[in-house]
Amino acid sequence: MRQGFKVLQVAFTYIGTIVGAGFATGQEILHFFTEYGKWASLTIVLSSLLFVWLGTKMMLIAHDTGANSYEDLNAELFGKKAGKWISFFTLFVLIGVNSVILAGAGSVFVENLHLSYQTGLLITLIGTYILLGRGIKAILQLNSIIVPFMLLLSLMILINTIHHPSAFNFIRLEYDRSMFATWLSPLLYTSFNLAMAQAILVPLGSQLKDRNVIKYGGIIGGIGIGCMLMTAHFAISAYMPGIRQFEIPMGSIAFALGAAIQIIYVILIFMEIFSTFVADIYGITLQVRQHIQVSPKLLTLFIMTTCYLVSQFGFSSLLSILYPVYGLLAIVWVFHLIKSPLGSFRSKS
């Protein structure tokens, strides 16, 4: 029973790490999948398989090698010298991404709670600073609460969308993209999100003693990510093309379930954004502390202040520009993860 609970904690943390600002709001699904029309369902299947395989492999490598931060993982994948440069690149990516995530929190407050953009940013920053004092256990506990509710609401949206007049739009949506771009998109999406997730998945894998917990947690988590991707794509497709006008597409779709469900869903979107931001800042702090011997609290404040300043440029504009560029560069990282002989799914004797 206790092992099963730990497996679910790993799975929920994996899901919660990937289901960040762009995913939970629906922006990522719209940009990387739904806009590619009827092929999106198949590209989601491909992306899901990669999440199952590579996310689990990453955690197993961290477990087997004792990697404490993503810099240690990159040293295993690229060698110490190249790994250090890759880690600096990853640091830049993570700061940029978490600025987008923080901007997403501001967008939730503006569009759905009718509060100011800055209020959303400040609540996220203050909450993160408080929670980070409890370490990785707090991150596991937070995702164990949020993710089950997110899965339940995704199921409710799926059931509601089935009865929508345009429920089967996902199999007949028109598209004007090339086949190369269509199949490159899930690779960009998966590569980028895995490169981002290493900030929390690496320390998570290294701190867990039971290899089977990591393996089954990673598999269940990857499947859960795939199911949420497919459900969101199914729902967004039913409301195309009008849904494009919203910063938080999934929040507007939740309105069809009633005002109470919409409020709950918006709160959960914010909590997913919050949990991802907390996890990434934790991972960034671990990596930077290997080079700068300063107070963890001071370092955390500096990192969050940097994210705050970048987040002033907005949400959708940052998402559409940064994500594809970072995703393309992250493909190189994923290629090295794929070819690495480490992280076998077979149990170590």
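Percent of alpha carbon pairs in the range 42-123 separated by more than 20 Å? Provide the component values of the computation, followed by the final result.
On the way: 1938 of 3321 pairs.
Roughly 58 percent, once rounded to a whole number.
Would you mind telling me which residue in Tyr282, Tyr14, Tyr129 has the biggest mean-square fluctuation in a Gaussian network model of the chain, where springs connect alpha carbons within a distance under 10 angstrom?
Per the Cα network of the chain with a 10 Å cutoff, Tyr129 tops the list.
Based on Cα coordinates alone, diagonalise the gyration tensor for the range 146-216, multiply each eigenvalue by 5, take square roots, and list the semi-axes in whole Å, largest first.
Semi-axes (√(5λ), whole Å): 33, 23, 9.
If a/c stays under 1.5 just call it rounded; otherwise compare a/b with b/c (prolate if a/b is bigger, oblate if not). Do that for the range 120-248, with a ≥ b ≥ c from the square roots of the Cα gyration tensor eigenvalues.
On the way: a/c = 1.91, a/b = 1.65, b/c = 1.16.
Verdict is prolate for the range 120-248.
So what is Rg over Rh here for the range 181-269, counting just Cα atoms and using Kirkwood for Rh? Mind showing how you got there, number by number?
Details: Rg = 16.8 Å, Rh = 15.8 Å.
Value, to two decimals: 1.06.
So, by mean Cβ neighbours within 10 angstrom, what's the order for 171-178, 152-159, 119-126, 213-220 with the highest one leading?
Highest to lowest by the protection proxy: 213-220, 119-126, 152-159, 171-178.
With a 1.4 Å probe and all protein chains left in place, how much of the accessible area of the chain comes from carbon and sulfur atoms, in whole percent?
With neighbouring chains kept in place, the figure for the chain is 70 percent.
Compute the helix-to-body angle for 136-162: its Cα long axis versus the longest principal axis of the chain, expressed 0 to 90° and rounded to tens.
Taking the Cα atoms of the chain, the angle to 136-162 is about 20 degrees.
Give me the Debye-computed log₁₀ of I(q)/I(0) at q = 0.13 Å⁻¹ for the chain, equal point scatterers on Cα only, no solvent, two decimals.
-0.96
Provide the packing ranking of 140-148, 238-246, i.e. peptides ordered by the mean count of other C-beta atoms within 10 Å per residue, highest first.
140-148, 238-246
Per residue of the range 75-87, in order, report the coupling 6.51 cos²θ - 1.76 cosθ + 1.60 (Karplus, θ = phi - 60°) as ³J(HN,Hα) in whole Hz, putting x for Gly and Pro.
Coupling constants for the range 75-87: 5, 5, 7, 10, x, 4, 5, 5, x, 5, 5, 4, 5 Hz.
When the label point is put 7 Å from the Cα of His164 along its Cα-to-beta-carbon vector, which residues of the range 200-242 have a backbone N closer than 14 Å?
Of the residues in the range 200-242, 230-242 have backbone N under 14 Å from the label point off His164.
What ranking do 260-272, 62-74 get when scored by the average of other Cβ atoms within 10 Å per residue, highest first?
62-74, 260-272
Taking the chain as the reference, fit the longest principal axis to its C-alpha atoms, fit the long axis of helix 179-207 to the helix C-alpha atoms, and give the angle between the two in degrees, 0 to 90, nearest 10.
50 degrees
Once you have the Cα-Cα distance between Glu174 and Leu309, take 0.36 nm times their residue separation minus that, and quote the gain in nm to one decimal.
Roughly 44.7 nm would be gained on extension.
Assuming R0 = 30 Å, what is the FRET efficiency of Arg2 and Lys339, from their Cβ-Cβ distance, to the nearest 0.05?
For Arg2 and Lys339, the calculated efficiency is 0.25.
What pairs from Lys57/Lys81; Lys80/Lys209; Lys38/Lys215; Lys6/Lys80; Lys81/Lys137 go past 27 Å between their alpha carbons?
Among Lys57/Lys81; Lys80/Lys209; Lys38/Lys215; Lys6/Lys80; Lys81/Lys137, the Cα-Cα distance tops 27 Å for Lys38/Lys215; Lys6/Lys80; Lys81/Lys137.
Once both labels are modelled 7 Å past Cα along the beta-carbon direction, what's the Ile123-Lys80 spacing in nm?
4.8 nm
Between 0 and 90 degrees, rounded to the nearest ten: what's the tilt of helix 211-238 against the longest Cα principal axis of the chain?
Roughly 20 degrees between the two axes.
Per residue, how many Å² of accessible area does the chain show with a 1.4 Å probe?
42 Å²
Distance from the Cα centre of the range 237-271 to that of the range 166-195, in angstrom?
Here the two parts' Cα centres lie 21 Å apart.
The values are calculated or read from the model by the stated rules, or taken from the named source; none is laboratory data. On a predicted model such as this, the values are computed, not experimentally measured, just so you know. As a convention, Cβ positions derive from the backbone with ideal geometry for all residues, glycine included, and neighbour counts pool all protein chains shown. In case anyone asks, the SASA skips ligands and DNA or RNA and just uses the protein heavy atoms, side chains included. Shrake-Rupley method; radii C 1.70, N 1.55, O 1.52, S 1.80 Å.
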